[in-house]
1. Going by the conditions given, is Glu136 buried (at least 23 other Cβ atoms within 10 Å of the Cβ) and at pLDDT below 95?
2. What do you reckon, is Ala204 out of contact with any His (no Cβ under 8 Å at 6 or more places or on another chain) and part of a helix (DSSP H, G or I)?
3. Tally time: how many residues in segment 55-77 are among the charged types (D, E, K, R) and within 16 Å of Tyr153 (Cα to Cα)?
4. Looking only at segment 60-83, decide whether some residue is β-branched (Val, Ile, Thr), farther than 19 Å from Thr167 by Cα and at pLDDT 75 or above.
5. Looking at segment 276-294, I want the residues that are surrounded by 15 or more Cβ atoms within 10 Å (Cβ to Cβ) and have a partner that is among the small types (Gly, Ala, Ser) and part of a helix (DSSP H, G or I) with Cβ atoms under 9 Å, at least 6 apart or on another chain. Which pairs are those?
6. Quick check: is even one residue across segment 168-186 surrounded by 20 or more Cβ atoms within 10 Å (Cβ to Cβ), assigned by TED's automatic domain parsing to the domain that holds Leu266 and over 24 Å from Pro72 (Cβ atoms)?
7. Looking at segment 50-70, I want the residues that are in the same structural domain as Val85 (by TED's automatic domain parsing) and at negative phi and have a partner that is surrounded by 19 or more Cβ atoms within 10 Å (Cβ to Cβ) and acidic (Asp, Glu) with Cβ atoms under 8 Å, at least 6 apart or on another chain. Which pairs are those?
8. Identify, by number, the condition in (1) within 17 Å of Gly182 (Cβ to Cβ); (2) of a type in the set (A, V, I, L, M); (3) in contact with an Asp or Glu (Cβ under 9 Å, 6 or more places away or on another chain) that Ile107 doesn't meet.
Amino acid sequence: MKKKVFLFLLPGLLIFGFIQARKYYYRYQEEQRRAVYYENLVDTSSPTVTVLRDSILVPYRNEKKTVHIYVPPGYDKDTLARYPVLYFMDGESSFNDLENMGPEWQIDEVINEASANGKQTAIVVGIQDHDDRDAEYTPWINEDNPKAHGAEYSKWVANELKSFIDTNYRTITEPEATSIGGISRSGMMAYYMLMAYPDVFGMAFIQSPSMWVDDDRLMAMEISDDELAKKKVFVSVGQYEGNTMISHAEGIYNKFKAQGLGEDRLRFEMIMGESHWHITWRKSFALAYPWIMN
């Protein structure tokens, strides 16, 4: 009897074992790929990247924050030119493997190439995250994070940090030339800030957004049809990030599409072959930048 039961269960056990073995194999491959980057880190930032370390006051915290600022090639030569500005959260990942302690997003390389080809360039402000990253990148207090202060953080970026950048750099200040971007939890914050400050941010890079943090309240945020019509939004997610992440990214895209944002101003990209990590966002930005600046 036991032998018959075993033989009956054997095919299912073999299939289960195969699935588990494949899962561990893919995980092993991913770990090996990442290890290559960690073992060979060097400074990969462009000469026009400046790190203002612990320099920008965040009054509501009574602390100073580090920002990483990129200006395009030729910025110092043409003193009349003004530029769009991209604000990126998790900004230590923007330009330099050593700052990120892993593969950077190559934002500077992408814009340098655009400059070499006579395309639109931009100033990029990479805002370094804080030790309490989850609280900083959560808009409202909830069960996930009872110390959340993302609303205060967003207000600081939209008002005080933007004012500092506009005062000290040759920027185009209008919303149509001002982007907000992020990845994972800060990708969710990019969505939040686009909705909370439509008079400040006209473009958004919403990459692998962790909407699960407070999905109901986030998706309930609204801006008017007229406000949305002026926006340009790029949404992306990795192919292997899981059903929840993919469905939430698609949810943002579908929400804006249903409200009338056309394909010329709204784009969704599945980053094939990638999971939830920096190479995904490197590939995503390389697709997003020329489209969003066109």
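1. Values: buried (at least 23 other Cβ atoms within 10 Å of the Cβ): yes; at pLDDT below 95: no.
No, not satisfied.
2. On the way: out of contact with any His (no Cβ under 8 Å at 6 or more places or on another chain): yes; part of a helix (DSSP H, G or I): no.
No; evaluated as a whole, the condition is false for this residue.
3. The first filter runs over segment 55-77 and keeps only residues among the charged types (D, E, K, R), leaving 61, 63-65, 76-77.
This time we only want the ones that are within 16 Å of Tyr153 (Cα to Cα), so: 61, 63-65.
Residues in segment 55-77 being among the charged types (D, E, K, R) and within 16 Å of Tyr153 (Cα to Cα): 4 in total.
4. In the first step, residues of segment 60-83 are kept if they are β-branched (Val, Ile, Thr); the result is 66-67, 69, 71, 79.
Subset that is farther than 19 Å from Thr167 by Cα: none.
Checked against the condition, which is being β-branched (Val, Ile, Thr), farther than 19 Å from Thr167 by Cα and at pLDDT 75 or above, segment 60-83 yields no hits at all.
5. His278/Ser93; Trp281/Ser93; Trp281/Gly187; Tyr289/Ala114; Pro290/Ala114; Met293/Ala114
6. Step one: of segment 168-186, the residues surrounded by 20 or more Cβ atoms within 10 Å (Cβ to Cβ) are 178-186.
Narrowing further to those that are assigned by TED's automatic domain parsing to the domain that holds Leu266: 178-186.
If we keep only those that are over 24 Å from Pro72 (Cβ atoms) as well, we get 184-185.
Yes, segment 168-186 has at least one match.
7. Val51/Glu99; Thr66/Glu92; His68/Glu92; His68/Glu99; Tyr70/Asp108
8. Result: Ile107 passes all but (3).
The values are calculated or read from the model by the stated rules, or taken from the named source; none is laboratory data. What you see is a predicted model; the values in this text were computed from it and never measured. Glycine gets a Cβ as well: all are built from the backbone with ideal geometry, and neighbour counts include every protein chain shown.
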